[in-house]
């Protein structure tokens, strides 16, 4: 999903915290994480779903009915589905993407992993994800839980952010730097 927020708002953080605690109590952290990852993938694939989630035009009844059907079709159930439905009912569906990020960060901390954000021009393959995780483990010394984002405007390359450190190898940034250098020289 393009332009996904990297910070977690107060509302999203409260949802993430509640879901995390419930999942931990029920021993369902992995299942909830998998369901949230599937939902996030659906968001990345569907502009219509993004509109449903973000648009204030849809009423809570419409959002709840639509999201329930989508979750059933995607076989997303349990705690994750319940929380997404509650968010729709409470007209807070727009915080679900941030809530997913917050949940995954808590899960990474629980597992002793680091949370890293990786943005690429196209979705990364399984081998590319493995390579990024391997490089991060080598550089930082911990396993990384990746928050993957797609931004076609990057053209190519990656932007990797771990905490406050960011490595930007995107083609867009390199081209912008060249434009700036050419303006300064001319």
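Quick notes
- Filtering 71, 79 for residues that are farther than 30 Å from residue 121 by Cβ and touching a residue at least 24 places away in the same chain (Cβ under 8 Å) leaves a single hit, 79.
- For segment 98-122, the candidate set comprises residues that are assigned to a loop (DSSP other than H, G, I, E, B) and out of contact with any helix residue (DSSP H, G or I) (no Cβ under 7 Å at 6 or more places or on another chain); within that set, the residue that is surrounded by the most Cβ atoms within 10 Å (Cβ to Cβ) is 113.
- In segment 38-71, the residues that are farther than 14 Å from residue 87 by Cα and out of contact with any helix residue (DSSP H, G or I) (no Cβ under 8 Å at 6 or more places or on another chain): 38, 41, 44, 45, 46, 47, 48, 51, 57, 69
- Unique match (being within 16 Å of residue 93 (Cβ to Cβ) and in the same structural domain as residue 101 (by TED's automatic domain parsing)) among 16, 34, 28: 16
- Filter result (surrounded by fewer than 16 Cβ atoms within 10 Å (Cβ to Cβ) and outside any strand (DSSP E or B)) within segment 158-170: 163, 164, 169
- Residue within segment 101-110 that is over 14 Å from the mean Cα position of the chain (by Cα) and touching a residue at least 60 places away in the same chain (Cβ under 8 Å) present: yes
- Checking each residue in segment 80-97 for being part of a helix (DSSP H, G or I) and over 18 Å from the mean Cα position of the chain (by Cα) picks out 82, 85, 86, 88, 89.
- Of all residues in segment 8-22, those being without any contact (Cβ under 8 Å) to a residue 60 or more places away in the chain and either closer than 13 Å to residue 104 by Cα or out of contact with any helix residue (DSSP H, G or I) (no Cβ under 8 Å at 6 or more places or on another chain) (or both) number 3.
- Taking the listed residues 179, 133, 183, 142, the one that is outside the structural domain of residue 14 (by TED's automatic domain parsing), in contact with a strand residue (DSSP E or B) (Cβ under 9 Å, 6 or more places away or on another chain), part of a helix (DSSP H, G or I) and without any contact (Cβ under 8 Å) to a residue 60 or more places away in the chain is 133, with no other qualifying.
- When the criteria are applied in full, residue 75 meets the requirement of being more than 23 Å from residue 164 (Cα to Cα), in the same structural domain as residue 27 (by TED's automatic domain parsing) and surrounded by fewer than 14 Cβ atoms within 10 Å (Cβ to Cβ).
- Only residues that are part of a helix (DSSP H, G or I), over 10 Å from the mean Cα position of the chain (by Cα), at pLDDT 90 or above and over 15 Å from residue 103 (Cα atoms) were counted across segment 1-46, and they come to 1.
The values are calculated or read from the model by the stated rules, or taken from the named source; none is laboratory data. Not measured: the values here are computed from a predicted model. Heads up, the Cβs are rebuilt from the backbone with ideal geometry, glycines too, and the neighbour counts pull from every protein chain shown.
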